[in-house]
Amino acid sequence: MQFANPQEARDFLAKHPEVRSIELMLIDAGGIPRGKLLHRDELLAMYENGRPLPSSILSLTIQGEDVEESGLVWEVADADCWTYPLPGSLCLQPWRAVPTGQVQVSMHPTQGLPATPGDPRHVLARTIDALKADGYHPVMAVELEFYLLDKARDANGRPQPAVQMNGVRPQAPQVYGVYELEQMQPFLDDLYAACEVQGLPVRTAISEYAPGQLELTLEHRFDALQAVDEGVRYKRLVKGVANRHGLQACFMAKPFGDQAGSGLHMHVSLADENGNNLMASDDPQGTPLLRHAIGGMMATLDDALAIFCPNANSFRRFQANSYAPLAKSWGVNNRTVSFRVPGGPAGSRHVEHRICGADANPYLAAAAILAGIHKGIREQIDPGPAIVGSGYEQARETLPTDWLTALRNLENSSWAREALGEDFLKVFLAIKWAEYRQFMGEVGEQDWRWYLNHA
């Protein structure tokens, strides 16, 4: 694990004398940023000596409640565990009313014990290292869909799309509508400007398949860990910019039962150490390596589904003709399948993993994807024939459609224990079972409010 040089802090403080506070954030198992607001006088010491956070910070439900069964609360006396800043993560939060910085931290491999195994970024780093040891360098890009909502609810107390610049609340999907993007220009202008300040490679904006739904793409990275770091920081930024505009950016998988869900699409290929795409091929179906990668992702899909779809709401996204997949399927230039090989030139050949909801933790989703790919390559797993035409009509082996089945599959998976780490899986499952019991016991299966402010 590489941590930042203290010179980064010295340079930042010298360049930004106006900054009085810095948000320190650690990403927990639910993908939620947790941390503290530091005074500028504390920043350099944190770079030089680390900063302790309680072990329980990695044992929290999405409601922010301790999960004692994780082993990271009372039995370890909620011990201080040392975190250190990640290189390149120190930047401004331009959406704040008062000049404020931001820095992302991760647990130190040894000084962070006993909490280190619960740090999801470590899980991804180990998975990447395992692939690199076999000569495969994962190249990734993150795409996140989200809804832009009013903070005020409708007459029935339910969320509603934000009013556009023209004073109209959108009612129709207007997918790919350029006028709809124009009506969101103040928000999008600030979002792009904030991304530029933070060095995030945000590219194309799209009006998605529902009123108020957006997607902005991030550039692919040869360093997969960097790509996911940027995806995590982008999500934090979107929420911050929306809040500055008096709006709410919602990354729930299915906030509206009658509208499209929001996905986390992850694009992945494998390169050699020089950056040459090992999946490149004139054949639209790619190389044998690409097909084995898909075979591995298909073979591990049931076991990993609770990672890709971590909440009860996640499974409401899986509906026919909704642009969300329903089955273990793959195809070329086909948005009705789970694993899509996009069209394009031979050198760009890769796989788009379309299963995750926007509520998934990007670190854990990427780790499960790459571990599945690695299994497929090692065992040369054949994914079967590609789907041609509608994957909804040709679904052969459908995905589990409920949270309970997915949790049980993950709990009983020997592959997941090896791929993600037994210590991490213990923490993650303790948290998810606690959330499952609380959700089913307190609010009932149909109540969307439980997730709205946390996704």
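The values are calculated or read from the model by the stated rules, or taken from the named source; none is laboratory data. None of these values were measured; they are calculated from a predicted model. Positions of Cβ are generated from backbone atoms using ideal geometry, with glycine treated the same way; all protein chains shown enter the neighbour counts. Heavy atoms of the whole protein, side chains included, go into the accessibility calculation; ligands, DNA and RNA do not. Shrake-Rupley method; radii C 1.70, N 1.55, O 1.52, S 1.80 Å.
Using 0.36 nm times the number of residues separating Lys132 and Glu397, minus their current alpha carbon distance, what extension gain do you get?
This chain segment gains 92.2 nm when fully extended.
Quick check: at a probe of 1.4 Å, how many percent of the accessible area of the chain sits on carbon and sulfur atoms?
On the chain, the fraction of accessible area on carbon and sulfur atoms equals 47 percent.
Using only the alpha carbon atoms of region 204-339, find the Kirkwood hydrodynamic radius as the inverse mean reciprocal pair distance, in angstroms to one decimal.
17.1
Can you figure out the FRET efficiency of Ala14 with Lys151, using R₀ = 25 Å and their beta-carbon distance, to the nearest 0.05?
0.10
What residues have an amide H closer than 5 Å to that of Thr100, excluding those fewer than 5 places away on the same chain, when H is modeled at 1.01 Å from N in the peptide plane?
Gln93
Exactly which trypsin sites (Lys or Arg not before Pro) in region 316-409 are in a DSSP loop and have at most 14 other Cβ atoms within 10 Å?
Listed in order of number, the matching sites are Arg335, Arg396.
Counting only residues 5 or more places away or on other chains, whose amide H sits under 5 Å from the amide H of Cys356 once H atoms are built in the peptide plane?
Amide H to amide H, under 5 Å and 5 or more residues apart or across chains, Cys356 pairs with Leu264.
So what is the orientation-averaged projected area of region 49-130, using the convex hull of its C-alpha atoms, in nm²?
Taking the Cα atoms of region 49-130, their convex hull projects to 7.2 nm² on average.
With a ≥ b ≥ c the root eigenvalues of the C-alpha gyration tensor of the chain, is it rounded (a/c under 1.5), prolate (a/b larger than b/c) or oblate?
Rounded is the answer for the chain, as its axis ratio a/c remains below 1.5.
Order of 189-199, 421-431, 259-269 by packing, highest average Cβ count within 10 Å first?
In descending order of packing, they fall as 259-269, 421-431, 189-199.
What FRET efficiency would be calculated for the residue pair Glu273, Glu379, taking the C-beta separation as r and a Förster radius of 22 Å, to the nearest 0.05?
Calculated value: 0.40.
Skip the ligands, DNA and RNA, and give the accessible area per residue of the chain with a 1.4 Å probe, whole Å².
Value for the chain: 39 Å² per residue.
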